[in-house]
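**Student:** Below are the structure tokens for one structure; questions will follow.
The values are calculated or read from the model by the stated rules, or taken from the named source; none is laboratory data. This one's a predicted model, so the numbers in the text were calculated from it and none came from an experiment. Neighbour counts run over all protein chains shown; Cβ positions are idealised from the backbone, glycine included.
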Amino acid sequence: MNVFNRAVTVLLFVSFMIAIPIVMFMPDQAIGIAQSLLGAVSSSLDVFRRVVLILVGIICFIICGLVLYLEFRRPPRKRVKLETATGGDVEMDVDSIAQRLEYRIDQLADVVKVTPKIKPRRKSIDVELNLETTPDVDVPAKTDEVYLVAREVIEERMGLKLRKTKVNIKHAPYPENS
């Protein structure tokens, strides 16, 4: 998307660099030329062409709005700021947090697999944990245990603030009896 944005920006600025000085040096002639062009175009159009032009205009409007949205949209944050006692700036990579959570929660009994998703917020993080557990696990007890481990890892060991934790549990299939 960056190459497209740069190409459009360069074309627009080159067009403006040519058109604006011409309009500023000869405003009466530029307005006269624009009026004659628009008059010639509007008199030669029939209803079908006008409908096509309206549709093309709507499509161009939507494409321009999409490009503007993509241009001003913030990229997702990949780092989280830590609050330190000394007041220094420390940032931690989101992948490191996920890796540490995955390691600690995967060690719990009855947990087959865990996939953490970390969403950085301003001064805290949201954690979504997708767990795969053994089929006969006690779900309320295991959920509480996972919450406690996640809170301990995030807040006590890493010094981050945990805003919200969501746990999605999926049971592994029962073993087939042969």
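**Student:** Please find, among D89, D110, the residue that is modelled with pLDDT of 85 or more and either within 19 Å of D144 (Cα to Cα) or assigned by TED's automatic domain parsing to the domain that holds L148 (or both).
**Tutor:** D110
**Student:** Condition first: in contact (Cβ under 8 Å) with a residue 12 or more places away in the chain and acidic (D, E). Can you find one or more residues in the stretch 30-47 that meet it?
**Tutor:** no
**Student:** So which residues in the stretch 35-57 are at pLDDT 85 or above and farther than 30 Å from F72 by Cα, if there are any at all?
**Tutor:** Q35, S36, listed by residue number.
**Student:** Return the residue satisfying two criteria in turn: it lies in the stretch 138-175 and is touching a helix residue (DSSP H, G or I) at 6+ places or on another chain (Cβ under 8 Å) and part of a strand (DSSP E or B), and of such residues it is farthest from I97 (Cα to Cα).
**Tutor:** I169
**Student:** Within the stretch 120-133, track down each residue that is surrounded by 14 or more Cβ atoms within 10 Å (Cβ to Cβ) and farther than 12 Å from L101 by Cβ.
**Tutor:** The answer is P120, S124, D126, E132, T133.
**Student:** Name the one entry in P75, P27, P21 that is of a type outside the set (A, V, I, L, M, F, W, C), surrounded by fewer than 11 Cβ atoms within 10 Å (Cβ to Cβ) and either in contact (Cβ under 8 Å) with a residue 40 or more places away in the chain or under 30 Å from R121 (Cβ atoms) (or both).
**Tutor:** That would be P75, the only listed residue that is of a type outside the set (A, V, I, L, M, F, W, C), surrounded by fewer than 11 Cβ atoms within 10 Å (Cβ to Cβ) and either in contact (Cβ under 8 Å) with a residue 40 or more places away in the chain or under 30 Å from R121 (Cβ atoms) (or both).
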